[in-house]
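Chemist: Supplied in structure tokens, the structure appears directly below.
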Amino acid sequence: MKIAVCINHVPDTAARIAVGSDGKSIDKTGVTFVVNPYDEFAIEECLRLKEKNGGEVVAISLGGDMHKETLRKAYAMGVDKAVLLKDETPRDSFSVAYALANYLKELNPEIIFFGKQSVDGDDAAVGIMVAELLNLPSVSTIVKLDVAQGKAIAEREIEGGLEAVETTLPAVFTAQKGLNEPRYPSLKGIMQSKNKLIEEKAPAAASSKVEVVALRKPSSKNAGKIVGTDVSAVPELVRLLHEEAKVI
Amino acid sequence: MKILAIVEQRDYKIKKNAYEVVATARSLAQQTNGEVTALVIGDNIPSAAAELGAYGASKVIAVQHPKLAKYSATAYAKIAAEIATKEHAAIVLISATAMGKDFAPRVAVKLDAGLAADVTALKIENGEINATRPVYAGKALTDIKVTSAVKVLTLRPNVFPAGTTNGATAAVEVVDVPLADSDFASIVTTTSQASGKLDVAEADIIVTGGRGMKGPENFKILEELAGTIGAAVGASRAAVDAGWRPHEDQVGQTGKTVSPSLYVAVAVSGAIQHLAGMSSSKYIVAINKDKDAPIFQSADYGIVADAFEIVPAMTQEIKKLLGK
Ligand SMILES: Cc1cc2nc3c(=O)[nH]c(=O)nc-3n(C[C@H](O)[C@H](O)[C@H](O)COP(=O)(O)OP(=O)(O)OC[C@H]3O[C@@H](n4cnc5c(N)ncnc54)[C@H](O)[C@@H]3O)c2cc1C
Ligand SMILES: Nc1ncnc2c1ncn2[C@@H]1O[C@H](COP(=O)(O)O)[C@@H](O)[C@H]1O
């Protein structure tokens, strides 16, 4: 079974975000970049599928040289091949999807995995756009996957519950937290990943359909009112919620 | 500008978020001299569809098919794109719900449109539409312009007002979109709804418990408070990772993003990843025994004390207020 996983390289979720001098992107000084957390669930699921069904897992990332770090981590976890679609200029979700779809068409995997969303742009779009571009079915934000006899049943989170979705294969899936527990790379895996080849390719060009006008910090709330320090403050709190905030 | 508002229904009930989408479409239409068409998809169209006229739709299009009893991303996207083309819609509005987020990117690709996902504010400037959306889990906001002729926008639930009805009704026009088996390559087979449970992503009030609740049994006091005010109970990741609460209740960067009118954080420290999921709440109350807990920096009102004393007292006080 040929399996592909698309992974992104993003600021650590604990990073403080400051606006860069262009006013449109973040100031990267001092920011640590990591594998997009949802993509780790995706990698893990692909490795498990391979362990069960045989085959190979190819990890693909589109971006600058920095993304090699994320591809090395994928190697350390156990993927068979890593490909960098090298492009230093930022792209919108459509043009990322376009280039990934272009590469994936050649590769022709039976299962293509993505994370639910990149924790930088939070678009939650690339995986589903790739599915559409390749004319494949997709199931997004999944927390469970069973693959058997040319089809798959996946469970996805919806408001107040779960829905089971049946799909033909090949198909695209996007991983939600809860799908699995990503493994820690072994020391041996980490050592070996350093010498593995990352194939570099030029991604297909596509023009962006979204233009960033500005990036800004949300107007920070002034720290609120400490109503009290013991149970005697409760009536006043309830009064404020009722009369001032009018929320109860 | 012609605007297509896609109306989400589950089990023949129109979702609250769908009214937000139609009302937002109306507001954009008013500013651009445009018109709103609402699209409802299903096997049987809910009778409430005509009432969408009251929220600003001048026309309601219903696409019906027996196989549409259950959601299918491929079929929904095909229908939405075909109707958008037929109606010459310049803007397609969809709720950023589990369903909307699942098919909106497909609609965008089909229409050669740019996608603005999870939008929290919209502005028309010189006839152009400007969208604001949170990025980096709400640690920053970005203002964007979709540059393609057709634009697809998904709206974060609970942010835009659902508007008020003006009593008008709209004609419901049933339109046939030919669908083949291949349009149902993926389809929902079963839905398991946690019985009667209000989802944090849909709740107007949320009471969240953190690690300081010390154990699953202590969430009972939060459930009592929540029951009194019609709230959903949320959890921090620490409470979820400890196995006290299911992941579907987790609020934050790797949980759900919520924007209720009231968020009560109980024994939650206010880690940056937690704030990411709830900082757009309209009012935030923090109850924590540590006066230096970062959550107080984001809260409108706080009480520095033991949650086990404060929460039951709040429940009692609110019951008194509500005459319960
Ligand atoms: C990649 C990544 C993603 C993450 N995603 C999320 C996410 O989605 N959601 C999330 O919540 N976290 C997330 N986290 C974890 C986050 O960093 C924090 O660890 C977590 O939010 C802490 O949960 P907490 O506030 O319940 O626990 P703690 O930080 O331990 O805080 C407990 C609080 O309870 C107070 N307390 C204790 N006893 C009492 C009492 N009797 N009365 C009143 N107060 C009391 C304490 O003073 C303390 O402030 C993520 C972390 C990472 C690295
Ligand atoms: N530059 C990229 N290279 C490879 N995969 C990506 C890239 N950007 C996004 N993805 C994948 O698409 C998913 C959704 O991303 P997004 O639409 O940006 O939120 C991510 O979880 C990744 O799996």
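The values are calculated or read from the model by the stated rules, or taken from the named source; none is laboratory data. Predicted, not measured: the structure shown is a model, and the values here were computed from it. Here the Cβ is made from the backbone with ideal geometry for all residues, glycine too, and neighbour counts use every protein chain on show. With ligands, DNA and RNA removed, areas are computed over all heavy atoms of the protein, side chains included. Shrake-Rupley method; radii C 1.70, N 1.55, O 1.52, S 1.80 Å.
Chemist: If a residue counts only when it is more than 7 Å from chain A (Cβ to nearest Cβ), which strands (runs of 3 or more DSSP E) contained entirely in the stretch B:103-215 have at least 3 such residues? Quick ask: steps written out before the conclusion?
Modeler: On the way: elements: B:114-119, B:121-125, B:128-135, B:140-146, B:151-155, B:172-174, B:186-193, B:205-209.
Here the list reads B:121-125, B:128-135, B:151-155, B:172-174, B:205-209.
Chemist: Of all residues in the stretch B:239-253, how many are closer than 25 Å to residue B:135 by Cβ and in contact with a helix residue (DSSP H, G or I) (Cβ under 6 Å, 6 or more places away or on another chain)?
Modeler: Count: 6.
Chemist: I'd like to know if the stretch A:239-248 contains one or more residues that are within 30 Å of residue A:38 (Cα to Cα) and among the basic types (Lys, Arg).
Modeler: Scanning the stretch A:239-248 turns up no residue that is within 30 Å of residue A:38 (Cα to Cα) and among the basic types (Lys, Arg).
Chemist: Right, next: Can you name the residue in the stretch B:284-296 that is open to solvent by 100 Å² or more (accessible area, probe 1.4 Å) and in contact with a strand residue (DSSP E or B) (Cβ under 9 Å, 6 or more places away or on another chain) and is also farthest from the other protein chains (Cβ to nearest Cβ) among such residues?
Modeler: Selected residue: B:289.
Chemist: Here is a follow-up. Which condition breaks for residue B:274 when tested against (1) open to solvent by less than 60 Å² (accessible area, probe 1.4 Å); (2) part of a helix (DSSP H, G or I); (3) facing chain A (nearest Cβ under 9 Å)?
Modeler: Just one mismatch for residue B:274, condition (3).
Chemist: Would you be able to say whether some residue in the stretch B:300-317 is away from ligand 1 (no atom under 12 Å from the Cβ), crowded, with 21+ Cβ neighbours inside 10 Å, part of a loop (DSSP other than H, G, I, E, B) and facing another protein chain (nearest Cβ under 9 Å)?
Modeler: yes
Chemist: Same structure again: Within the stretch B:36-58, can you find the residues that are open to solvent by 10 Å² or more (accessible area, probe 1.4 Å) and touching a helix residue (DSSP H, G or I) at 6+ places or on another chain (Cβ under 6 Å)?
Modeler: Answer for the stretch B:36-58, where residues must be open to solvent by 10 Å² or more (accessible area, probe 1.4 Å) and touching a helix residue (DSSP H, G or I) at 6+ places or on another chain (Cβ under 6 Å): B:43, B:55, B:56.
Chemist: Scan the stretch B:218-229 and give yes if some residue there is assigned to a loop (DSSP other than H, G, I, E, B), open to solvent by 50 Å² or more (accessible area, probe 1.4 Å) and either in contact with a strand residue (DSSP E or B) (Cβ under 9 Å, 6 or more places away or on another chain) or within 13 Å of ligand 1 (Cβ to nearest atom) (or both), otherwise no.
Modeler: Checking the stretch B:218-229: not a single residue is assigned to a loop (DSSP other than H, G, I, E, B), open to solvent by 50 Å² or more (accessible area, probe 1.4 Å) and either in contact with a strand residue (DSSP E or B) (Cβ under 9 Å, 6 or more places away or on another chain) or within 13 Å of ligand 1 (Cβ to nearest atom) (or both).
Chemist: To continue, here is another question. Testing residue A:119 on (1) closer than 23 Å to residue B:183 by Cα; (2) assigned to a loop (DSSP other than H, G, I, E, B); (3) open to solvent by less than 20 Å² (accessible area, probe 1.4 Å); (4) within 13 Å of chain B (Cβ to nearest Cβ), one condition comes back false. Which one is that?
Modeler: Condition (1) is where residue A:119 drops out.
Chemist: Go through (1) crowded, with 24+ Cβ neighbours inside 10 Å; (2) away from ligand 1 (no atom under 12 Å from the Cβ); (3) more than 8 Å from chain A (Cβ to nearest Cβ) for residue B:246 and report which single condition fails.
Modeler: (1) is the only condition that residue B:246 fails.
Chemist: Any residue in the stretch A:103-116 that's within 11 Å of residue A:6 (Cβ to Cβ) and within 14 Å of ligand 2 (Cβ to nearest atom): show its pairings with residues that are of a type in the set (D, E, K, R) and in a helix (DSSP H, G or I) at Cβ separation under 9 Å, as long as the two are six or more apart or on different chains.
Modeler: As it stands, the answer is A:113/A:39; A:113/A:45; A:114/A:39; A:115/A:39; A:115/A:40, since those pairs meet every condition given.
Chemist: Among (1) open to solvent by less than 30 Å² (accessible area, probe 1.4 Å); (2) more than 8 Å from ligand 1 (Cβ to nearest atom); (3) at the interface with another protein chain (Cβ under 8 Å from one of its Cβ atoms), there is one condition residue B:281 misses while meeting the rest; what is its number?
Modeler: Condition (3) is where residue B:281 drops out.
Chemist: Also, quick follow-up: Of all residues in the stretch B:257-271 being within 10 Å of another protein chain (Cβ to nearest Cβ) and more than 16 Å from ligand 2 (Cβ to nearest atom), which is farthest from residue B:300 (Cα to Cα)?
Modeler: So, considering only residues that are within 10 Å of another protein chain (Cβ to nearest Cβ) and more than 16 Å from ligand 2 (Cβ to nearest atom), the one farthest from residue B:300 (Cα to Cα) is B:271.
Chemist: Related question: Restricting attention to the stretch A:166-185, and to residues there that are in contact (Cβ under 8 Å) with a residue 60 or more places away in the chain and polar (S, T, N, Q), which single residue is surrounded by the most Cβ atoms within 10 Å (Cβ to Cβ)?
Modeler: By that ranking, first place goes to A:174.
Chemist: Output the residues belonging to the stretch B:286-299 that are without any contact (Cβ under 8 Å) to a residue 40 or more places away in the chain and in a loop (DSSP other than H, G, I, E, B).
Modeler: In the first step, residues of the stretch B:286-299 are kept if they are without any contact (Cβ under 8 Å) to a residue 40 or more places away in the chain; the result is B:286-287, B:290-299.
Matches in the stretch B:286-299: B:290, B:291, B:292, B:293, B:294, B:299.
Chemist: Now, a different point. When residues of the stretch B:148-189 are filtered for being open to solvent by 80 Å² or more (accessible area, probe 1.4 Å) and modelled with pLDDT of 90 or more, how many remain?
Modeler: The qualifying residues number 6.
Chemist: May I pose another question? Can you confirm whether residue A:112 is under 27 Å from residue B:272 (Cα atoms), more than 8 Å from chain B (Cβ to nearest Cβ) and among the aliphatic types (A, V, I, L, M)?
Modeler: When the stated conditions are applied, residue A:112 does not pass them.
Chemist: Would you confirm whether any residue within the stretch A:199-208 is of a type in the set (Lys, Arg) and open to solvent by 60 Å² or more (accessible area, probe 1.4 Å)?
Modeler: Within the stretch A:199-208, one or more residues are of a type in the set (Lys, Arg) and open to solvent by 60 Å² or more (accessible area, probe 1.4 Å).
Chemist: Here is a follow-up. Picking from A:34, A:57, which residue would you name as being among the β-branched types (Val, Ile, Thr) and open to solvent by less than 30 Å² (accessible area, probe 1.4 Å)?
Modeler: Checking each option against the conditions leaves just A:57.
Chemist: Looking at the stretch B:128-139, which of its residues are surrounded by fewer than 19 Cβ atoms within 10 Å (Cβ to Cβ) and at pLDDT below 95?
Modeler: Matches in the stretch B:128-139: B:128 only.
Chemist: Just checking, how many residues over the stretch A:142-163 are open to solvent by 30 Å² or more (accessible area, probe 1.4 Å) and either among the small types (Gly, Ala, Ser) or within 13 Å of ligand 2 (Cβ to nearest atom) (or both)?
Modeler: 2
Chemist: Report, by residue number, each residue of the stretch A:5-38 that is more than 12 Å from ligand 1 (Cβ to nearest atom) and outside any loop (DSSP other than H, G, I, E, B). Quick ask: steps written out before the conclusion?
Modeler: Going through the stretch A:5-38, the residues more than 12 Å from ligand 1 (Cβ to nearest atom) turn out to be A:5-9, A:16-31, A:33.
Correct list: A:5, A:6, A:9, A:19, A:26, A:33.
Chemist: Output the residue which, of all residues in the stretch A:64-88 that are within 13 Å of ligand 2 (Cβ to nearest atom) and in contact with a Gly (Cβ under 9 Å, 6 or more places away or on another chain), is most open to solvent (accessible area, probe 1.4 Å).
Modeler: A:88
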